[in-house]
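The values are calculated or read from the model by the stated rules, or taken from the named source; none is laboratory data. Since this is a predicted model, take the numbers as computed values, not measurements. Cβ placement follows ideal geometry from the backbone for every residue including glycine, while neighbour counts extend to all protein chains displayed. Heavy atoms of the whole protein, side chains included, go into the accessibility calculation; ligands, DNA and RNA do not. Shrake-Rupley method; radii C 1.70, N 1.55, O 1.52, S 1.80 Å.
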Amino acid sequence: MNNQPIIHIENLHKHFGPTAALNGVDLDVYPGEVVVIVGPSGSGKSTLLRCINRLEKFDAGSVVVDGIPLTTAENINAIRTEVGMVFQSFNLFPHLTALENITIAQKVVRKRSKADANETALALLAKVGIPEKSHNFPGQLSGGQQQRVAIARALAMNPKIMLFDEPTSALDPEMIQEVLDVMLQLAREGMTMVVVSHEMGFARAAADRAVLMDEGVIVEEGPPDILFNHPTHERTKSFLSKILV
């Protein structure tokens, strides 16, 4: 593993009014590493993820992605082209087909021709297992299919890093695995991934490191098998006792 982190977060603070969403978070993520962040609702997991590409403006501390500090608008835009993000709510354009959802940013941001963008989109729809859905609109797709289109859309930009914010939480149980399978394949291919999720099976199978957050701080981190089976902090033990069966 590369000894220089591709994401370096130092002493990160974020408040929403009087509430401290992040209270001095330090985290390094290395190229090719899969980090899964778990913790109770309101612990700061999604806020931390959104600070990595400056969707959320932080109050203090620093974030450096691929050697670029998130300080100026120019730097932030440069990072956003290298960081793909998948949300729990899909965020597809309802009036565009699956193919069009995947090609639009390629043409606008990456300046690819229509032919090149379409070729990339079709290849990625095949990669996520729904090549036959290219001309369907989001409303004609299941939740799991929509999320796979969203993943393909993010991958079409050739990101160095993928961020996943609870990508299966809005899905029916029978659709969850089809999305996790795509994510697991990305992990096997060496994609750097930071994933906020309650899917402990995925964390065990794909993560190099699991991180437990609570009340805006990182309580404990380590390899999933060690963190889940032999936690050292009482807060970790308490949280895991409620979600691991």
Given (1) touching a His at 6+ places or on another chain (Cβ under 7 Å); (2) part of a helix (DSSP H, G or I); (3) of a type outside the set (Lys, Arg), identify the lone condition not met by Val219. (2)
In the stretch 105-123, which residue that is open to solvent by 20 Å² or more (accessible area, probe 1.4 Å) and in contact (Cβ under 8 Å) with a residue 12 or more places away in the chain is farthest from the chain's Cα centre (by Cα)? Asn118
Unique match (being surrounded by 21 or more Cβ atoms within 10 Å (Cβ to Cβ) and either over 30 Å from Asp214 (Cβ atoms) or of a type outside the set (A, V, I, L, M) (or both)) among Ala98, Ala78: Ala98
For the stretch 81-95, which residues satisfy the criterion of being open to solvent by 20 Å² or more (accessible area, probe 1.4 Å) and not charged (D, E, K, R)? Thr81, Met85, Phe87, Gln88, Ser89, Phe90, Asn91, Leu92, Phe93, Pro94, His95
Strands (runs of 3 or more DSSP E) fully within the stretch 2-67 counting 3 or more residues that are in contact (Cβ under 8 Å) with a residue 24 or more places away in the chain and open to solvent by 60 Å² or more (accessible area, probe 1.4 Å): 7-16
Only one of Ser134, Ser142 is open to solvent by 20 Å² or more (accessible area, probe 1.4 Å) and hydroxyl-bearing (Ser, Thr, Tyr), namely Ser142
So Ala187 passes all but one of these: (1) open to solvent by less than 10 Å² (accessible area, probe 1.4 Å); (2) in a helix (DSSP H, G or I); (3) of a type outside the set (Asp, Glu). Which condition number does it fail? (1)
Does the stretch 204-215 hold any residues that are within 24 Å of Met85 (Cβ to Cβ), surrounded by fewer than 23 Cβ atoms within 10 Å (Cβ to Cβ) and of a type outside the set (Lys, Arg), and which are they? Ala205, Ala206, Asp208, Asp214
When you scan the stretch 156-181, how many residues do you find that are under 26 Å from Lys107 (Cβ atoms) and open to solvent by 20 Å² or more (accessible area, probe 1.4 Å)? 3
Of the conditions (1) under 30 Å from Met200 (Cβ atoms); (2) among the polar types (S, T, N, Q); (3) in contact with a Leu (Cβ under 8 Å, 6 or more places away or on another chain), Ser134 fails just one. Which one is it? (1)
